[in-house]
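A.B. asks: My questions will all concern the structure given below.
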Amino acid sequence: MPSATTEEVLVLDFGGQYSQLIARRIRECGVFAELLPAKTPLAEIERRRPKAVVLSGGPASVHDPGAPEFPPDLAGLDVPVLGICYGMQAMAKAMGGRVEAAESGEFGRTELTVTGDGGALLGGLPQEQTCWMSHRDAVYEAPEGFVPIASTPGSPVAALESAERGMYGIQFHPEVVHTPFGTEVLTRFLREVAGCVGQWSAASIVTEQVAAIREQVGEGKAICGLSGGVDSSVAAKLVHEAIGDRLTCVFVDHGLMRLNEAEQVVEDFQHFGIPLVHVDAEERFLSRLAGVTDPETKRKIIGEEFIRVFEEEAAKIEGADFLVQGTLYSDVIESGGSDHAATIKSHHNVGGLPEDLQFELVEPLRMLFKDEVRAVGTELELPDRMVWRQPFPGPGLGIRIVGGEVNRERLDILRAADQILHEEVGGANLYRELWQFFCVLPVIRSVGVQGDGRTYAYPIVIRAVTSTDAMTADWARLPYEVLEKVSGRIINEVAGVNRVAYDITSKPPGTIEWE
């Protein structure tokens, strides 16, 4: 991915916090974008034959020793270039402009004034508009041959262009929602400057990946370690579209899933006619977890047992030379973007499959972000409950029982409470507004009063966050009436619980999960 016919834009990453978001926004405009290191050799850029190159922002000053520089040969490449924030400053400095430390930095919402005719990027847009800034240096004089097209109180040259050289720069961040005309600016660069048509879509991804899988696997067989999550499910459905019953999915049911979740996974895959081996290993896992309270030990045990079960089942499938994984683009980026086709990805945080399994990896989602995976799942007609399934850790509810051992009684309590939370959040039409929401069972007991007597029971902690990629997350401001209803139902309907609390910690400093 992409195919030889797909339009591609390369985003050279100078280390900015929004670099991934730039690529995502370009893709939302219908054009495939890939994030590459700023030092990517010119020969590699030329080999990819991009329609355009975008330079991201970054934390450095262009005057810092060793700061990333504008690729010197990029100016001679017959491809339009857009510099964003630091990318614009590096471009301006390399082309002979004057870049200096501003008297004060600009951070957050800033008033932008379009100057002249606004050029290709800003022409026809409101002369006065807001944008999102995050910088200390500023361009004070545009390079010779460049035309300033915008300014802000702290940036005399907040945007510039040289149509003759095919070079454009904007100091603000068009990729964030706080820049109202940001998508319009990116769209103009892609369509009017770079000449992109916009062919990237969920349908095109399915067509390209089915063809690529058929070419890779040939007449071979593949297995997929299915978790029931959206990533592995979409990957499995894509591969099944390509090779049919030569794919076998192995679903290791460790007994640590949410209420009725294992049954739903089996039902869904049977509906699509995808060969599925369902391994009911609940007793194995609970037996090994008995008496274990340390969270890292829990993770290790669950991961090791998963590997053992998977190995046993994989050995029964003769002639399978390929292993399907739901690796996403975020996984590739976080690992440095290097070629790691020989590395087995950790199975949803439960520990990696052993590298000596001797399979060739099939990773049809490795160039996709989570939102694109969901779009592909919808295109493949997977049910909403599968496509919109929340991120769920591989160790499952095993890491949501905090400070004590995992046993069936506590799992049943946690499942019942979690189901009530899901029902009420869904009933309030808040499901898709939240990145993740779930219940935690701390293994402590507190005194309560129910009826005419005192109780000594567990608390339940509700966790709900908003996020775009889980790198950072904010606690969700759930309506009080929803929290009240959830709390009342849990205390009244779930035996063994007499108290409900709400976690209002963001990430950082906290994490999304508790363990």
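A.B. asks: If I fit a long axis through the Cα atoms of helix 230-243 and take the longest principal axis of the Cα atoms of the chain, what angle between them do I get, 0 to 90°, rounded to 10?
C.D. replies: Roughly 80 degrees between the two axes.
A.B. asks: Under the Karplus relation 6.51 cos²θ - 1.76 cosθ + 1.60, θ = phi - 60°, what is the ordered set of whole-Hz ³J(HN,Hα) values for the range 317-330, x standing for Gly and Pro?
C.D. replies: Result, rounded to whole Hz: 9, 6, x, 8, 10, 10, 10, 8, 10, x, 4, 9, 5, 4.
A.B. asks: With both bridge residues required to lie in the chain, what share of the DSSP beta bridges run antiparallel, to the nearest 5%?
C.D. replies: Values: 37 of 78 bridges.
Here the share of antiparallel DSSP bridges comes out near 45 percent.
A.B. asks: Find, among the GluC sites (Glu not before Pro) in the range 364-449, those assigned to loop by DSSP (not H, G, I, E, B) with at most 13 other beta-carbon atoms within 10 angstrom. Let's see the in-between values first.
C.D. replies: Working: sites: Glu372, Glu379, Glu381, Glu405, Glu409, Glu423, Glu424, Glu433; in loops: Glu381, Glu405.
Of the GluC sites (Glu not before Pro), the ones in loops of the range 364-449 whose Cβ has at most 13 other Cβ atoms within 10 Å are Glu381.
A.B. asks: At 1.4 Å probe size, what's the solvent-accessible area of His278? Round to the nearest 10 Å².
C.D. replies: For His278, solvent-accessible area is about 80 Å².
A.B. asks: Could you work out how far the C-alpha centroid of the range 480-515 sits from that of the range 204-248, in angstrom?
C.D. replies: Answer, in whole Å: 38.
A.B. asks: If amide H atoms are built 1.01 Å from N in the plane of the peptide, which residues on other chains or at least 5 residues away come under 5 Å of the amide H of Val500?
C.D. replies: Answer set, sorted by chain and number: Ile460.
A.B. asks: Still on this structure, I have one more. As a test of the formula, what do you get for the chain when each DSSP H run with n ≥ 4 contributes -39,500 (n - 2.57) and the sum is divided by the residue count, at 222 nm and rounded to the nearest 500 deg cm²/dmol? Write out the running numbers ahead of the final one.
C.D. replies: Details: 15 runs with 160 residues, N = 515.
Dividing the helical sum by the residues of the chain leaves -9500 deg cm²/dmol.
A.B. asks: Label-point separation (nm) for Asn429 and Thr378, each offset 7 Å from Cα along Cα-to-Cβ?
C.D. replies: 1.7
A.B. asks: So the label point goes 7 Å from the Cα of Arg445 along Cα→C-beta, right? Which residues of the range 257-300 then have their backbone N under 19 Å from it?
C.D. replies: Residues 291-293 qualify, since their backbone N sits under 19 Å from the label point.
A.B. asks: Same structure, new question: Mind ordering 498-507, 162-171 by average Cβ neighbours within 10 Å, highest first?
C.D. replies: On the way: 498-507: 16.2, 162-171: 21.9.
Peptide ranking by packing, descending: 162-171, 498-507.
A.B. asks: Taking amide H atoms as placed 1.01 Å from N in the peptide plane, list the residues 5 or more away in sequence, or in a different chain, whose amide H sits under 5 Å from that of Ala52.
C.D. replies: HN-HN under 5 Å from Ala52: Leu10.
A.B. asks: Same structure again: For every other residue with a beta carbon closer than 15 angstrom to the beta carbon of Thr378, add +1 if it is Lys or Arg and -1 if Asp or Glu, then tell me the sum. Don't skip to the answer; put the middle values down first.
C.D. replies: Details: positive: Lys237, Lys370, Arg374, Arg385, Arg389, Arg432; negative: Asp231, Glu241, Asp268, Asp371, Glu372, Glu379, Glu381, Asp384.
That works out to -2.
A.B. asks: Determine, from the Cβ-Cβ distance of Arg47 and Ile504 and an R0 of 35 Å, the FRET efficiency 1/(1 + (r/R0)^6), rounded to the nearest 0.05. Before the final figure, lay out the partial values.
C.D. replies: Working: r = 50 Å, r/R0 = 1.42.
The calculated FRET efficiency here is 0.10.
A.B. asks: May I ask for the angle, rounded to the nearest 10°, between helix 295-314 and the longest principal axis of the chain, with both axes built from Cα atoms and the value confined to 0 to 90°?
C.D. replies: 80
A.B. asks: With θ taken as phi - 60° and the coefficients 6.51, -1.76 and 1.60, list the Karplus ³J(HN,Hα) couplings across the range 56-67 in order, rounded to whole Hz; mark glycine and proline as x.
C.D. replies: The phi angles translate into 7, x, x, x, 7, 9, 5, 8, 5, x, x, 5 Hz.
A.B. asks: At a Förster radius of 30 Å, what calculated FRET efficiency corresponds to the Cβ-Cβ distance of Asp412 and Ala315, to the nearest 0.05? Let's see the in-between values first.
C.D. replies: Values: r = 33 Å, r/R0 = 1.11.
Efficiency computed from Cβ-Cβ geometry: 0.35.
A.B. asks: Relative contact order of the range 1-123, please, whole-number percent, based on alpha carbon pairs below 8 angstrom and at least 6 residues apart.
C.D. replies: The normalised contact order for the range 1-123 reaches 23 percent.
A.B. asks: Another question about this same structure. Of the cross-linked pairs Lys237/Lys485; Lys300/Lys507; Lys237/Lys298; Lys39/Lys507; Lys237/Lys316, which ones have a Cα-Cα span greater than 29 Å in the structure shown?
C.D. replies: Lys237/Lys485; Lys237/Lys298; Lys39/Lys507
A.B. asks: At a Förster distance of 41 Å, what's the computed FRET efficiency of Ser104 paired with Glu215, Cβ-Cβ distance as r, to 0.05? Display every interim value, and only then the final one.
C.D. replies: Values: r = 56 Å, r/R0 = 1.36.
Efficiency for this residue pair is about 0.15.
A.B. asks: Could you tell me how many degrees, from 0 to 90 and to the nearest 10, lie between the Cα long axis of helix 19-28 and the main elongation axis, the longest principal axis, of the Cα atoms of the chain?
C.D. replies: 90
A.B. asks: Report the full-extension gain for the segment Thr468 to Thr40: residue separation times 0.36 nm, less the Cα-Cα distance, to one decimal in nm.
C.D. replies: On the way: separation 428, 0.36 × 428 = 154.08 nm, distance 2.73 nm.
So the extension gain works out to 151.4 nm.
A.B. asks: Net charge near Gln199, counting Lys/Arg +1 and Asp/Glu -1 over other residues with Cβ under 13 Å of its Cβ? Let's see the in-between values first.
C.D. replies: Values: positive: Arg27, Lys51, Arg191; negative: Glu7, Glu8, Glu208.
Here the count lands on 0.
A.B. asks: How much net charge surrounds Glu481 when only other residues with a Cβ under 14 Å from its Cβ are counted (Lys, Arg +1; Asp, Glu -1)?
C.D. replies: Details: positive: Arg477, Lys485, Arg489; negative: Glu424, Glu484.
Local charge sum for Glu481: +1.
A.B. asks: Additional query: So what does the Cα-only Debye profile of the chain read at q = 0.09 Å⁻¹, as log10 I(q)/I(0), no solvent term?
C.D. replies: Computed log10 I(q)/I(0) values: -0.75.
The values are calculated or read from the model by the stated rules, or taken from the named source; none is laboratory data. Computed from a predicted structure; not experimentally measured. Here the Cβ is made from the backbone with ideal geometry for all residues, glycine too, and neighbour counts use every protein chain on show. Just so you know, the surface numbers come from the protein's heavy atoms only, side chains and all, with ligands and any DNA or RNA stripped out. Shrake-Rupley method; radii C 1.70, N 1.55, O 1.52, S 1.80 Å.
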